[in-house]
Structure formats: structure tokens, C-alpha cells
Amino acid sequence: MGYSVRTSPYEQWQREVINVHNALSPLAKVLMEVVQGHSLTRLEIWLAGTQMFDCRNTLQGLNQTQIACPAVDKQMLMKYLENIS
């Protein structure tokens, strides 16, 4: 009943996930993509608990616009927190 589960080495699991007959294959590119500036894949970073988030893509996209993003300081953070409650 249900799906059978087995352990396998990480490299073997990667090969199996990439297989087009695997239900996870559409996600394989996202999971297995090496993060720019790092030697780890997105999945490896997530599993290691070292997720990194930044605003580089957003700032690059806004670079040619009139939209300015002020630096977050204590005063701004307090204003945001006050408005949450």
C-alpha cells in the first residue's frame, strides 16, 4: 500500500529525479541549480539550513526606474513593526 521508500546515495537520487519519468523531474532544474557565487545547489543550501535571501535582483530591476528603496534603519523598522499590530 502506498509508495515504497528506500535510501540511496545523493548522486543516485539526483540522477533519478532528473529522469523524465519521475514526478519530480519538472522541479529538478530548480532544486539542482547551483546558486550563483556558491558551489551548492538550492536544495543543498535549503537542507543545510543556510538559506540566503537578498535584494540584488530587485535592485537590478529597479536600476533604470525612478523607484528608490531607502536603506532600512531602526526608525523605519520600528514604523513597520508598529503598523503590524
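Please verify whether the range 54-77 includes one or more residues that are surrounded by 10 or more Cβ atoms within 10 Å (Cβ to Cβ) and of a type in the set (Asp, Glu).
no
Scan the range 54-76 and tell me whether some residue there is among the charged types (D, E, K, R) and touching a helix residue (DSSP H, G or I) at 6+ places or on another chain (Cβ under 6 Å). Outline the logic, then answer.
So in the range 54-76, the residues among the charged types (D, E, K, R) come out as 54, 56, 73-74.
With touching a helix residue (DSSP H, G or I) at 6+ places or on another chain (Cβ under 6 Å) added as a condition, the list becomes none.
Checking the range 54-76: not a single residue is among the charged types (D, E, K, R) and touching a helix residue (DSSP H, G or I) at 6+ places or on another chain (Cβ under 6 Å).
On the given criteria, is Gln64 assigned to a helix (DSSP H, G or I) and without any contact (Cβ under 8 Å) to a residue 24 or more places away in the chain? Step through it out loud before you land on a result.
Values: assigned to a helix (DSSP H, G or I): no; without any contact (Cβ under 8 Å) to a residue 24 or more places away in the chain: yes.
Criteria not met by Gln64.
Quickly run through the range 32-60 and pick out the residues that are hydrophobic (A, V, I, L, M, F, W, C), more than 10 Å from the chain's Cα centre (by Cα) and not in a loop (DSSP other than H, G, I, E, B). Quick ask: steps written out before the conclusion?
Initially, the range 32-60 is screened for residues hydrophobic (A, V, I, L, M, F, W, C), giving 32, 34-35, 40, 43, 45-48, 52-53, 55, 59.
Adding the requirement that they be more than 10 Å from the chain's Cα centre (by Cα) leaves 32, 34, 40, 47-48, 55, 59.
Matches in the range 32-60: Met32, Val34, Leu47, Ala48, Leu59.
Cβ contacts < 8 Å: first residue without any contact (Cβ under 8 Å) to a residue 40 or more places away in the chain and part of a helix (DSSP H, G or I), restricted to the range 2-31; second residue surrounded by fewer than 10 Cβ atoms within 10 Å (Cβ to Cβ) and among the hydroxyl-bearing types (Ser, Thr, Tyr), any location; separation 6+ or different chain. Result?
Close Cβ pairs (under 8 Å, with a partner that is surrounded by fewer than 10 Cβ atoms within 10 Å (Cβ to Cβ) and among the hydroxyl-bearing types (Ser, Thr, Tyr)) do not exist here.
Report, by residue number, each residue of the range 67-85 that is over 26 Å from Gln36 (Cβ atoms) and either of a type in the set (Val, Ile, Thr) or assigned to a helix (DSSP H, G or I) (or both).
Hits for the range 67-85 are Lys74, Gln75, Met76, Leu77, Met78, Lys79, Tyr80, Leu81, Glu82, Asn83, Ile84.
Computed from the coordinates by the stated procedures, all read-outs in this text should not be read as laboratory data. Note that this is a predicted model, so its numbers are computed, not measured. Neighbour counts run over all protein chains shown; Cβ positions are idealised from the backbone, glycine included.
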